[in-house]
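Asks: Starting off with a structure, shown below.
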Amino acid sequence: MEPVKIIEDGVLLRPWREADADAVHRACQDPDIQHWTSVPRPYRPEHAHGFVTELSGRAWTEGTGAPFAVCDPASGELLGSCGLVSIDGAGTGEVGYWTAPWARGRGVSVRATRAVARWSFGTLGLSRLLWQAEVGNHASRLVALRAGFRIDGRLRLSPPASDGWVGSLLPGEVPEPGSTGPAGAGTLAARRAAVFGRPQPTLFATAGAGELRLRPMEAKDLDAVVRACQDPESVRWTTVPDPYDHADAQWYQGYGRELWARGDAACFAIADPDDRYAGTIDLRLSPGDPLLADVGFMTSPEVRGRGYMPAALLALSAWGFTALGLARIEWKANVGNTASRRVADKAGFTFEGVARGGVPHRGERADVWIAALLAEDLA
């Protein structure tokens with residue numbers, strides 16, 4: 001396959017040259033590139049030289065790939081890498097890309113990926129493009145969505161490999177140059193990729209005269225988490241392990257980080273005005289309805305009755321509506337859990353009824369109360 005040059009939407013895509021080696025070496029020192037791509041670690045000058053002089057040329061010659069240097073068409077400055085990392089004999093190619101640290105925030109990879117896709121379908125006659133990324137790489141996911149890819153699911157891999165996301169793009173689905181396209185920045189999936197691609201935020205709530213912080217769980221919280229989860233009321237009304245020990249708290253802390261990386265949930269520790277652990281609260285996105293989520297919470301026994309949890313629930317719900325674009329947040333609690341119901345009532349949730357056998361609870365099915373808060377309720 002003969003190397004080609006593409007100029008589209010303010011980017012120049014051309015074959016790699018030996019003179020690019022220094023810039024490639026500099027770009028691949030970036031921690032994000034080293035974390036999320038398969039470049040060698042540590043990345044040495046000889047790796048960059050071998051890539052631009054041997055590996056990239058071999059892919060073109062053998063027809064197994066189409067690697068492009070992404071450059072500024074006016075200055076020639078290297079901005080990133082984009083191309084087909086593989087081409088099979090059945091009309092499918094896989095896209096791969098990275099953006100140099102000095103060129104981020106300018107839509108370089110989005111524009112380059114669209115250009116590669118248009119060329120792949122129009123000139124090479126491919127019938128499908130694939131995209132894959134490690135779960136948690138929301139920056140790559142956001143590029144794929146803005147380039148028109150549909151994220152089709154999650155690819156499970158055996159440890160120690162990390163699970164991956166997979167997406168596909170078909171002819172006719174590539175947005176026009178300069179447009180946001182049908183999968184642009186305004187779509188719900190792209191919006192959430194941008195949210196979950198950043199570090200988990202700290203939210204604030206006011207209870208009485210004090211300010212609460214909703215933040216990721218920290219190591220200093222774990223002893224208090226253990227005490228809270230050993231409380232008889234916590235064991236009675238929640239599904240925490242019984243007995244509960246320090247290893248369970250550590251697992252939950254890691255699980256919260258994993259859920260954020262996957263974009264499935266936001267798990268917060270509630271810190272009192274002195275930054276002491278006061279409880280946990282989770283917002284879990286529905287896998288079947290993108291506009292629906294449910295909440296779960298637990299208050300530390302020593303701070304019950306201070307109004308901390310209603311304030312935290314209201315703050316988290318407001319964040320879910322504004323940042324994640326939710327339309328409905330549900331609360332459920334086993335029938336008889338009046339303390340949890342009071343929290344939902346004070347946060348403005350509307351009671352809707354009883355679901356008989358609505359949830360599994362310690363080996364049985366339990367009846368549950370259901371209430372909900374809608375986005376317009378906070379307006």
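Asks: I need the full set of residues from segment 77-91 which are open to solvent by 80 Å² or more (accessible area, probe 1.4 Å) and either in contact with a Pro (Cβ under 9 Å, 6 or more places away or on another chain) or closer than 11 Å to Leu13 by Cα (or both), in order please.
Replies: Of everything in segment 77-91, just one residue is open to solvent by 80 Å² or more (accessible area, probe 1.4 Å) and either in contact with a Pro (Cβ under 9 Å, 6 or more places away or on another chain) or closer than 11 Å to Leu13 by Cα (or both), namely Val85.
Asks: Let me ask another. Can you pull out every residue in segment 1-29 that is open to solvent by less than 50 Å² (accessible area, probe 1.4 Å) and either among the aliphatic types (A, V, I, L, M) or touching a Lys or Arg at 6+ places or on another chain (Cβ under 6 Å) (or both)?
Replies: If the condition is that a residue be open to solvent by less than 50 Å² (accessible area, probe 1.4 Å) and either among the aliphatic types (A, V, I, L, M) or touching a Lys or Arg at 6+ places or on another chain (Cβ under 6 Å) (or both), then Val4, Ile6, Val11, Leu12, Leu13, Arg14, Ala21, Ala23, Val24, Ala27 are the ones that fit.
Asks: Specify the residue that is surrounded by the most Cβ atoms within 10 Å (Cβ to Cβ); the eligible residues are those in segment 207-227 that are in contact with a Pro (Cβ under 8 Å, 6 or more places away or on another chain) and under 10 Å from Ala271 (Cα atoms).
Replies: Step by step, filter segment 207-227, then rank; the result is Leu212.
Asks: Taking Ser81 and the conditions (1) small (Gly, Ala, Ser); (2) without any contact (Cβ under 8 Å) to a residue 12 or more places away in the chain; (3) in contact with a helix residue (DSSP H, G or I) (Cβ under 9 Å, 6 or more places away or on another chain), which numbered condition does it fall short on, given that it satisfies the others?
Replies: (2)
Yes/no per residue for (1) closer than 20 Å to Val11 by Cα; (2) open to solvent by 40 Å² or more (accessible area, probe 1.4 Å); (3) over 22 Å from the mean Cα position of the chain (by Cα); (4) not aromatic (Phe, Trp, Tyr):
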{"position": "Tyr43", "(1), (2), (3), (4)": "no, no, yes, no"}
{"position": "Glu46", "(1), (2), (3), (4)": "no, yes, yes, yes"}
{"position": "Phe51", "(1), (2), (3), (4)": "no, yes, yes, no"}
{"position": "Ser75", "(1), (2), (3), (4)": "yes, yes, yes, yes"}
{"position": "Gly93", "(1), (2), (3), (4)": "no, no, yes, yes"}
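Asks: Still on this structure, I have one more. Hey, among the residues in segment 228-282 that are in a helix (DSSP H, G or I) and among the acidic types (Asp, Glu), which one's least open to solvent (accessible area, probe 1.4 Å)?
Replies: The qualifying residue least open to solvent (accessible area, probe 1.4 Å) is Asp248.
Asks: OK, next. How many residues are polar (S, T, N, Q), under 26 Å from Ser120 (Cβ atoms) and surrounded by 14 or more Cβ atoms within 10 Å (Cβ to Cβ) when one looks only at segment 30-41?
Replies: Adding up the residues that qualify gives 1.
Asks: Here is a further query. Mind checking whether some residue in segment 85-102 is part of a helix (DSSP H, G or I), closer than 15 Å to His25 by Cα and not basic (Lys, Arg)?
Replies: Yes: one or more hits.
Asks: Tell me the residue from Glu330, Glu302 that is open to solvent by 30 Å² or more (accessible area, probe 1.4 Å), within 25 Å of Ala228 (Cβ to Cβ), out of contact with any Cys (no Cβ under 7 Å at 6 or more places or on another chain) and outside any helix (DSSP H, G or I), please.
Replies: When all the criteria are applied, what remains is Glu330.
Asks: Is there any pair with a first residue in segment 122-145 that is assigned to a helix (DSSP H, G or I) and a second that is of a type in the set (Val, Ile, Thr) and modelled with pLDDT under 95 whose Cβ atoms are under 8 Å apart and which are 6 or more apart or on different chains, and what are they?
Replies: So the pair list comes out as Arg141/Ile151; Ala144/Ile151; Leu145/Ile151; Leu145/Thr187.
The values are calculated or read from the model by the stated rules, or taken from the named source; none is laboratory data. Because the structure is a prediction, the values reported are computed rather than measured. No Cβ is skipped: glycine too gets one built from the backbone with ideal geometry, and neighbour counts run over all protein chains shown. In case anyone asks, the SASA skips ligands and DNA or RNA and just uses the protein heavy atoms, side chains included. Shrake-Rupley method; radii C 1.70, N 1.55, O 1.52, S 1.80 Å.
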